[in-house]
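The values are calculated or read from the model by the stated rules, or taken from the named source; none is laboratory data. Small disclaimer: the values here were computed from a predicted structure and weren't measured. So basically every Cβ, Gly included, is an ideal-geometry build from the backbone, and we count neighbours across all protein chains shown. Quick note on the areas: whole protein, heavy atoms, side chains included, nothing else; ligands and nucleic acids left out. Shrake-Rupley method; radii C 1.70, N 1.55, O 1.52, S 1.80 Å.
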Amino acid sequence: MAMKTPGGNIAFRNFHNDFAHIINPNERRRLALAEIDKDPFGWYHVRAIVVAGVGFLTDAYDIFAINLVTAMLGVVYWQTNEIKPGVIPSSSDTAIKVATSGGTVLGQVGFGWLADVVGRKKMYGLVLILIIFATLAQALSSGSRATSVVGIIIFWRVMMGIGIGGDYPLSSIITSE
């Protein structure tokens, strides 16, 4: 007999528990999917698609908008550069752009594991908070005598990447469930 799993409510029904008494996992999966197929298309489906779709849209925007930002950073912070005035050095440009990808890998592994341990909905909420906070923080970042603007932006891009990396597995699994 399969173990019952926690979770499920009116919005997100736990079909696994409905068929927990069936021993064969393939039959249990087939019955759960048949039950899902019976439901008519409605607000629940639209909401799940919109939530995951908006998440993927904002993730893509956050990742690819940095190309415009680095050009603006060059104009603001490297105006006095002797070789190429108004252009960010290529090492700083590359580090800022790669920071999100590194964070994404960490977020996929970390939040994927945490979602299995703690719960998908709790982790999805935490992921969204992290993405929002890190995006706002990097937008409000600036350099000072004590810190480099590149270092601060790299830090917040890694944090945002961790949130985006967590969003990838969690959005897809929540939508598919």
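Pop out the carbon and sulfur fraction of the accessible area of the chain as a percent, whole number, probe 1.4 Å.
In the chain, the share of accessible area belonging to carbon and sulfur is 69 percent.
At 18 Å minimum axial length over the Cα atoms and a Kyte-Doolittle cut of -0.5, report the qualifying DSSP H helices in the chain, or say none.
Details: long enough: 25-38 (20 Å, -1.24); 43-64 (31 Å, 0.95); 90-117 (41 Å, 0.52); 120-139 (28 Å, 1.24); 149-176 (40 Å, 1.34).
Helices meeting the span and hydropathy rule in the chain are 43-64, 90-117, 120-139, 149-176.
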Among I88, S172, A99, the residue whose Cα sits farthest towards the positive end of the charge dipole of segment 84-177 (+1 at Cβ of Lys and Arg, -1 at Cβ of Asp and Glu, taken about the Cα centre) is I88
Under a straight-distance cross-link criterion of Cα-Cα below 16 Å, which aspartates and glutamates are reachable from K84, leaving out those fewer than 8 residues away in the same chain? D93
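How large is the accessible surface per residue of the chain, computed with a 1.4 Å probe and reported in Å² as a whole number? Before the final figure, lay out the partial values.
On the way: 11190 Å² over 177 residues.
Roughly 63 Å² per residue, with all protein chains present.
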Give the accessible area for F133 in Å² (nearest 10); use a 1.4 Å probe, count only protein heavy atoms, and leave out ligands, DNA and RNA. 120 Å²
For a quick check of understanding: with a 1.4 angstrom probe and all protein chains in place, what accessible area in square angstrom does Y61 have, to the nearest ten? 150 Å²
Please build a GNM for the chain, connecting alpha carbons under 10 Å apart, and tell me which residue among V46, V150, V69 fluctuates the most. V46
Taking only Cα atoms and a 10 Å spring cutoff, compute GNM fluctuations for the chain and point out the largest among S91, S141, S101. S91
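Working out 0.36 nm times the residue gap between V54 and E35, then minus their Cα-Cα distance, what length gain in nm do you get to one decimal? Please report the intermediate quantities before stating the final value.
Details: separation 19, 0.36 × 19 = 6.84 nm, distance 2.70 nm.
Extra length available between V54 and E35 comes to 4.1 nm.
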In terms of Cα to Cα distance under 19 Å, which aspartates and glutamates are near enough to K121, apart from those fewer than 8 places away along the same chain? D59, D167, E177
Which of (1) 115; (2) 145; (3) 129 is the computed volume of the Cα convex hull per residue in Å³ for the structure on display? (3)
Full extension between Q79 and I173 adds, at 0.36 nm per residue less the Cα distance, a length in nm of 29.2 nm
